[in-house]
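K.L.:
Next up is a structure, given as structure tokens.
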Amino acid sequence: MDSRTDRLILVTMVLTVLEVSLAGLVLRRPWAFSFIAWQMVLTYLVYIGLTRNRLLVRLLVLPLFADLVQLLTDWYHARVVETLVYDYALFRIWETPDYIIAGWGFAFLQLGYLTLWLKRRIGLWPAIGLVTVVGSILHTWYEEMAYQAHAWRYINASLLAHVSHWVILTFVVLIASLCVIVAWLEKRPVRDWALGGLLVGALIFVYSAIAVALFRYVG
């Protein structure tokens, strides 16, 4: 970790919040989510290319492999339990639109980096708690903005505003798990980060399936 990379992560996290809010509150156009997601991924790829930052490489390898399992998650919620509808996609892989594929990439990178940065300053467990709370709030906000921009929505589900309760619960346990996994992988080779990504992808499916079963119709 270095101050230059710290600034990059801080700026891109703030930019994400601002751009997503603009997309949902002002533009109200779903293509903005594709733009934001791929812009963030491209920014990190260019930075990695220029700096050869090994930590960011690992933080992108993890969601790349998580995406492989995540495809099953979107199919399950869109086609089996029918609680998730994607209204827009620049392109799709199975049921998963492009901005979700890219979105896991930059979201996991930001959350993972923040976890490791905070761990050095306040300790692991306080870092996990803080990232879980802040990350869950931010990503719930992103979900609401996606509805306002007509990118995706939830049906057959109890809602907080326009965000399903099961998604909020999934965010909480998933982000906490991600923090633990990233902290454990920090010094390990890229191969282990790929395996960690498969584990995270499996956890997305398991957590969300359980959350749907528990909270889908809770009013």
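K.L.:
Quick one: Gly112 ticks every box in (1) of a type outside the set (Phe, Trp, Tyr); (2) surrounded by fewer than 21 Cβ atoms within 10 Å (Cβ to Cβ); (3) within 14 Å of the chain's Cα centre (by Cα) except a single one, so which number is it?
P.N.:
That leaves (2) as the condition not met.
K.L.:
For segment 144-168, enumerate the residues that are buried (at least 21 other Cβ atoms within 10 Å of the Cβ) and in a helix (DSSP H, G or I).
P.N.:
Met145, Ala146, Trp166, Val167
K.L.:
Now a separate question. Just one of Gly129, Gly219 is at pLDDT 95 or above and either in a helix (DSSP H, G or I) or surrounded by fewer than 20 Cβ atoms within 10 Å (Cβ to Cβ) (or both); which is it?
P.N.:
Gly129
K.L.:
Which ones in segment 169-193 are surrounded by fewer than 20 Cβ atoms within 10 Å (Cβ to Cβ), closer than 29 Å to Ala157 by Cβ and not aliphatic (A, V, I, L, M)?
P.N.:
Correct list: Ser177 only.
K.L.:
List every residue pair whose Cβ atoms lie under 8 Å apart, where the two residues are 6 or more positions apart in sequence or sit on different chains, the first residue falls within segment 151-172 and is under 23 Å from Ala32 (Cα atoms), and the second residue, located anywhere, is surrounded by fewer than 17 Cβ atoms within 10 Å (Cβ to Cβ) and acidic (Asp, Glu).
P.N.:
Ala151/Asp87; Trp152/Asp87; Arg153/Asp87; Ile155/Glu82
K.L.:
Sticking with this one: Could you please give the count of residues in segment 1-57 that are in contact with a His (Cβ under 8 Å, 6 or more places away or on another chain) and surrounded by 19 or more Cβ atoms within 10 Å (Cβ to Cβ)?
P.N.:
Count: 1.
K.L.:
Still on this structure: Determine which member of the set Leu185, Leu198, Leu178, Leu214 is in contact (Cβ under 8 Å) with a residue 40 or more places away in the chain and more than 19 Å from the chain's Cα centre (by Cα).
P.N.:
Of Leu185, Leu198, Leu178, Leu214, the one residue that is in contact (Cβ under 8 Å) with a residue 40 or more places away in the chain and more than 19 Å from the chain's Cα centre (by Cα) is Leu214.
The values are calculated or read from the model by the stated rules, or taken from the named source; none is laboratory data. From a predicted model like this one, the values you see are computed outputs, not experimental measurements. Backbone-built Cβ (ideal geometry, glycine too); neighbour counts: all protein chains shown.
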